[in-house]
1. Among all lysine pairs in the protein assembly as shown that are eight or more places apart or on different chains, how many have alpha carbons less than 30 angstrom apart?
2. Would you mind computing the Rg to Rh ratio of the range A:71-152 from its alpha-carbon coordinates, Kirkwood style for Rh?
3. Treating only the Cβ of Lys, Arg, Asp and Glu as charged (+1, +1, -1, -1), what charge dipole size does the range A:212-332 show about its Cα centre? Round to the nearest 20 debye.
4. Can you tally the net charge around B:THR149? Count Lys and Arg as +1, Asp and Glu as -1, for every other residue whose Cβ sits under 13 Å from the Cβ of B:THR149.
5. Which residue, A:MET267, A:LEU234, A:GLY14, has the largest displacement toward the positive end of the dipole of the protein assembly as shown when charges sit on each Cβ (Lys, Arg +1; Asp, Glu -1)?
6. Which percent of Cα-Cα pairs in the range A:156-257 sits in each 10 Å bin, short to long?
7. Where the centroid of each part is defined by its Cα atoms, how far is the range B:193-265 from the range B:156-179 in Å?
8. What does the structure give for B:129-139 when I average, per residue, the other chain Cβ atoms found within 10 Å of the residue Cβ?
Amino acid sequence: MRGLDLRYFLRRIGMFFLVVFVAASFNFMIPRLAPGNPIGAITSRMANASAGIENGQAMFEAYRQRFGLDDPLYVQYAKYMWRTAHLDFGESLAAYPAEVSDIIRPAIGWSIGLIGLSVLITFALGVTIGALLAWKGTPRMVRAVLPITMIGGVLPYYLLAMLLLYVFAFNTHMLPMSGAYDSGIPAQLTGPYIGSVARHAALPALSIILTSVGAWALTMRGLMVNTIGEDYMLLADAKGLPRSRILWWYSVRNAIPPQLTHLGIAMGYVVSGAILVEIVFSYPGLGYQLYQAIVNSDYTVIQGITLILAVSVGLCVLIIDLIYPRLDPRVTYVSENSN
Amino acid sequence: MSATTLRGTTPFNPLRSVRDVLGQVVAFFAENRMFTAGVLLLLALLLFGLIGVQLVNQKGADMGAVPLNQAPSAAHPLGTDGLGRDMFAVMVIGIPNTFKIGFLAGAIGVVIGTLIGLLAGYYRGPADAFFSSFADVMLVIPALAILITISAYVRVVTVEITALIVGLLAWPLPARVIRSQTLALRERLFVQVAKLSGQNDFEIITLQILPNLTAYLAASFVGAVSAGILAAVGLEVLGLGPQNVPTIGRTLYYAFKYTALLRGMWWWWVPPIVTLAIIFTGLFQMSISLDKYANPRLKGATRN
């Protein structure tokens, strides 16, 4: 590939594994650093409680064994990392003996669908609005209306979510208040089911889109302004190309790549925001599962989900980094030492 | 006295220099209207809280202190919630608490970030490589995920502990900004001159580099406070913030938990949402107008 070398690839991939490693290490350390040794407190509480529960003793033993509390710290750490590398997050504490990964897996699909779709729509909208704001040929009317889209950007995702919930679901009953689909419809790829899923996703998606589109438009506008002064724009104009072609294929095309880096940086924030949006709408994704786990003090599930969140954001950033040189050939990623 | 006049410089006049600084500050506020508007908005809200706390019967914020589920009336201007608390008392006590968390967290994050950024940018070497990679990694991991894990384990949290937890995770962004500026500054001529004239590293960092970072520090601080309040309120809304005192986010948590929305108790959830909207509008205005100082690449874009 042009302007790209192996070192760049290895660095990016190394960075991804570093992210996973650090996140997993946090997960290992936090319970052990917390005051009052919560693991000890949990196990002793469970030992007391388990006296009355069928299989309670087995559950308590499994938990104690899982944390390997009798091993020295470095052995615990190595074992923990080994299990995490194999995506083994252990058993849920609240729903023992259900595997944490079995609880998380269905939630991942809902979250990816909701967040992925919202981010794509936001990206398309933000790029378009920003481009039109910076473009001289935009009608004055349109230009006056566009900044309204930025109002939502001030609020955190979940605040707008609550307002939308109140207006569109509680007051007017236009859209459902919670969940991801109507329970009466069989979960197959039929028209009614897809319609139900779309109706349920509308408000959560809308709250993510409305709160983040303003920032996208603003940076896009800035990037567009930079391209407008370039020589190739003047040349395109002199060649007599149609104005719309100049706008989309000369100006926007050159302004978009930095937006992708911006997306990589914003990913963590988007995911954090989406966690809270899912909770507001009881949308059965990772955020809602996380909330349920917090309510139930289900520590293994909490840790599994936070790790999955870190890994998925790291993965998004990695993918963006890897496709970026293809989208912006002006940037070379040949390392400084190689020439 | 005569020596200074001989050199042609005006003698030091403390009153005058105070006036100069004041003049500069006034000029800054006059030039950055949006920043000023943001500051005034936040100050007004904070004053409302601080004065309100003096006027109101603080006992009203305890659970069961007043009748449940009352709509706003003369006795309870914002009504009472489902836990028997006077909403006005809850709000005026909660506002300063939420501010306190944000400012403490922002301050902790900026101090740590500045230290790391200055030292890493000035000394370079393996320590710089380590901290830079670590900061990059921390910027990728969603802070809220770590905050939730920590807060889930540390169940008994006060305002100070919440601020500490949030602040300890707020350093990577300031560190990166300060480091890149320090990298550029250390090559500048005046730093080289200072080095040749025998200033040691500590003097160069504190006397030469730090004063040139004021704009970046201010922007980083506003950004960190903003992020701090955002993260803290996020935790509070999940019921993971301070447990012993009212905060804005926790009010929203209760309103949500006890389905104020479905029960039509608008006075329970509207005040915290309006308060948060004011806070985030103010912080947004401040950070947008400071962006042009901290992010030179935006200079051309915002002027046009």
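Readers should treat all values here as calculations from the given coordinates under stated rules, not as data from a laboratory. The structure displayed is predicted, hence computed values, not measured ones. Cβ sites come from the backbone with ideal geometry, for glycine too, and all protein chains shown count toward neighbours.
1. The result is 7.
2. Details: Rg = 23.8 Å, Rh = 17.4 Å.
We get a ratio of 1.37 for the range A:71-152.
3. Numbers: 7 positive and 7 negative charges, 95 e Å.
It works out to roughly 460 debye.
4. Details: positive: A:ARG32, B:ARG155; negative: A:ASP298.
Neighbour charge sum, excluding B:THR149 itself: +1.
5. Result: A:LEU234.
6. 14, 27, 18, 19, 17, 5, 0
7. A separation of 7 Å, based on Cα centres.
8. 3
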